[in-house]
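Some notes on the structure that comes next.
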Amino acid sequence: MNREQAKARIKQLREIINHHNKQYYVYDDPEISDADYDKLIRELERLEGIYPELITPDSPTQRVGGEPLSAFKQVVHKEQMISLADAFSEGELRDFHRRVTETVGNDVEYVVELKIDGLAISLTYEEGYLTTAATRGDGRVGEDVTQNIRTIRSIPLKLDFPEGQNPHIIEVRGEVYLPKAGFKKLNEEREDMELPPFANPRNAAAGSLRQLDPKVTASRPLSSFIYAIGYSEGIEFKTHFELLNFYKQVGLRVNPHIVLLKNFSDVIDYCMSWREKRDLLPYEIDGMVIKVNSISQQQKLGYTAKSPRWAIAYKFPAEQKSTVIEDIIVRVGRTGVLTPTAVLTPVRIAGSTVSRATLHNEDYIKQKDIRINDVVIVQKAGDIIPEVVEVVKERRTGRERVFKMPQNCPECGSETIRLPGEAGYRCTGVSCPAQIRRSIIHFASRDAMDIRGLGPAVVSLLLDSGLIKDSADIYTLKKQDIIPLERMGEKSAENLINAIEKSKKQPLNKLLFALGIPFIGSKAADILASAFGSIENISKASYDDLIKIPEIGDKMAESVVTFFKQRQTKDLLGRLKDAGVNMKSADVPEGPAPLKNTTFVLTGTLEDYTRQEATKIIESLGGRVTGSVSKKTDYVLAGKEPGSKYDKAIKLGVRIIDEKQFKELITQI
């Protein structure tokens, strides 16, 4: 394929991929499988690798990228991002309607929207291309989060304007949020890495969007809804509902539950109906937003010093209930951390019955002075995770008992310790059954070895029956072993054996994550697999080898070294290898690796190689190419017109080589 043919195919691929992105992320109506979508992306990446000069900023391949930021720049909003006034009752909503009609008369239509519990954003498109994305900040000045916003697939990099409607500049407003399932998964990953969980999806979305490394943001399943306009040139709208329909036309994601209503009683009924239905949504809402539909009426109503007179936010009341802490039990996680949990007199909150609430750690219990038999106020953090808000101390009777963390593990009886600098206690037993059970469940989970059918209940059956004692034993199971188990028949047993066999081919990064190394989540597992290429190389890596990788910090490096030097680890890995489990990356180079543990950064235009070619040469010799310069970088390979990476290398004293020196380096090896 020559350059012109490649150019035409690249254009076609981008159009196809952008169409499928819109169908999946904007309209929730995918037309092709994930595998077919991945093939299109890989073909586009291959062609752009051969012809890097054809890469454009709006290409689907450019969503994840860019160097980690040292700080966020400030962005001045073209129009102020103002907050809405709040209403907390039906009476306050009717007062709002009365004020509106007193100014513009009774002929009023309202647009009613769900109030998404996320982080407000402003997106600027110039000639249809996304140029700037900013947080609300103080309303006038926000933070530039453009690189991070580009990783969110529901936000188009280019708008598809209908004929005759092509604003030169349009600044749209909306919300970035984290779905409930994504919030739960993120907190589970943070627990795996022994990091404090996010309190609610809104905080998680804000924390995700304000990551200095866009790749971290890209790893989190953020989504968006667009619902307002800040500024535009070259287009006008008569109504807010017309604006929302325009957004849908051009590829922006608009919430499907927005309605246009004439009768204000219907507005109130619609708001109240969502107080009951909100639990059915896959994302969090904390209220409803009511807006006057007519833009001319909005202009007539104007603004107060703080908010528009033509819109109001109805906030759902936080549902809290009182109940009794009947007991405090301690659960042992798969990394040995002990977590106290309150056993509650069951109470119904936000659509479900709550009977337990995590108490996090000893410090949390002491800070809130929580005791067994206390009457407490309970709510759901982010309407998802039950939490104890406060103790009703005036209802104490003298029967309350102070809780103390156990000195011995409740599962295996081993001594528990609290290490300096840690909030939690940890079991010291290497064969603790609670850790083994949870580690096997994690090993088989979807993001790890993905053994379908090997869920918590089946793991418990296999452990209780003595068929397995650890993760490696999974690969010794036979169909006839499983059939006699409770609720397991011939077909179920056959499916499980097939899933186990299939898992042997999982890539190295999946195995690494499955091993449950403390502080090593799925992202860190990807990085280690890419850097070292095999379990053998990782197991031999020293602390200094690991710390040279920019994304691997002190705790991670120490954890990896400690994990792989354990006798139990070596035994486990040996049995996994004997069972035929894949232990290396598909592209791990065979033979010597003279550039092992050597990190390169490429900048500028190379004459004799494309960046992809240079990267493959480095990786074939055991080296690693990263996107940013740090003190851990060994070489910066600089071509013509190098960018900021070159300047940073000079500042940090990193060795810079040109293409001639690079050739000498690789030919001398």
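The values are calculated or read from the model by the stated rules, or taken from the named source; none is laboratory data. Note that the coordinates shown come from a computational prediction; the quantities given were computed from them, not determined experimentally. Note: ideal-geometry Cβ built from the backbone for every residue, glycine included; neighbour counts use all protein chains shown.
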(message) Just the residues that are surrounded by fewer than 17 Cβ atoms within 10 Å (Cβ to Cβ) and within 20 Å of E175 (Cβ to Cβ), please, taken from the stretch 271-319.
(response) R275, K277, D279, L280, L281, P282, K306, S307, K315, A318
(request) Could you identify the single residue in G643, G604, G580, G627 that is farther than 22 Å from Y51 by Cα and either out of contact with any Cys (no Cβ under 9 Å at 6 or more places or on another chain) or surrounded by fewer than 15 Cβ atoms within 10 Å (Cβ to Cβ) (or both)? (result) G580
(request) Name, by its number, the condition in (1) at pLDDT 90 or above; (2) among the β-branched types (V, I, T); (3) surrounded by 21 or more Cβ atoms within 10 Å (Cβ to Cβ) that does not hold for T217. (result) (1)
(message) Tell me the residue from K645, K663, K631 that is in the same structural domain as A614 (by TED's automatic domain parsing), out of contact with any His (no Cβ under 8 Å at 6 or more places or on another chain), part of a loop (DSSP other than H, G, I, E, B) and among the basic types (K, R), please.
(response) K631
(request) Just one of (1) within 30 Å of S445 (Cβ to Cβ); (2) more than 26 Å from the chain's Cα centre (by Cα); (3) of a type in the set (S, T, Y) trips up T151, so point out which. (result) (2)
(message) Checking A313 against (1) outside any strand (DSSP E or B); (2) under 32 Å from the mean Cα position of the chain (by Cα), only one condition comes out false. Which one?
(response) (1)
(request) Taking the options F237, F241, F225, name whichever one is assigned to a helix (DSSP H, G or I) and more than 16 Å from L130 (Cβ to Cβ). (result) F241
(message) So, restricting to helices (runs of 4 or more DSSP H) that lie completely within the stretch 466-559, which ones have at least 3 residues that are out of contact with any Ser or Thr (no Cβ under 6 Å at 6 or more places or on another chain), farther than 22 Å from K631 by Cα and in contact (Cβ under 8 Å) with a residue 40 or more places away in the chain?
(response) 490-503, 508-514, 535-540
(request) Could you look through the stretch 109-146, keep only residues that are in contact with a helix residue (DSSP H, G or I) (Cβ under 6 Å, 6 or more places away or on another chain) and not polar (S, T, N, Q), and pick out the one that is farthest from E233 (Cα to Cα)? (result) D117
(request) Inspect the stretch 585-595 for any residue being over 20 Å from K523 (Cβ atoms), crowded, with 18+ Cβ neighbours inside 10 Å and at pLDDT 80 or above and give the result as yes or no. (result) yes
(message) Six or more apart or on different chains, Cβ atoms under 8 Å: show the pairs whose first residue is in the stretch 213-230 and on the phi < 0 side of the Ramachandran plot and free of Cβ contacts under 8 Å to residues at least 60 places away in the same chain and whose second is among the charged types (D, E, K, R) and assigned to a strand (DSSP E or B).
(response) A228/R173; I229/E171; I229/R173
(request) Read through the list (1) within 23 Å of T562 (Cα to Cα); (2) surrounded by fewer than 20 Cβ atoms within 10 Å (Cβ to Cβ); (3) not hydrophobic (A, V, I, L, M, F, W, C), then give the number of the only condition that R395 fails. (result) (1)
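Matching residues to (1) more than 23 Å from Q23 (Cβ to Cβ); (2) surrounded by fewer than 20 Cβ atoms within 10 Å (Cβ to Cβ); (3) not aromatic (F, W, Y):
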residue	(1), (2), (3)
E53	yes, yes, yes
N106	yes, yes, yes
V112	yes, no, yes
T135	yes, no, yes
R140	yes, yes, yes
V145	yes, no, yes
S154	no, no, yes
(request) Would you check which residues across the stretch 115-125 are surrounded by 21 or more Cβ atoms within 10 Å (Cβ to Cβ) and under 16 Å from L252 (Cβ atoms) and list them? (result) I116, G118, I121, S122, L123, Y125
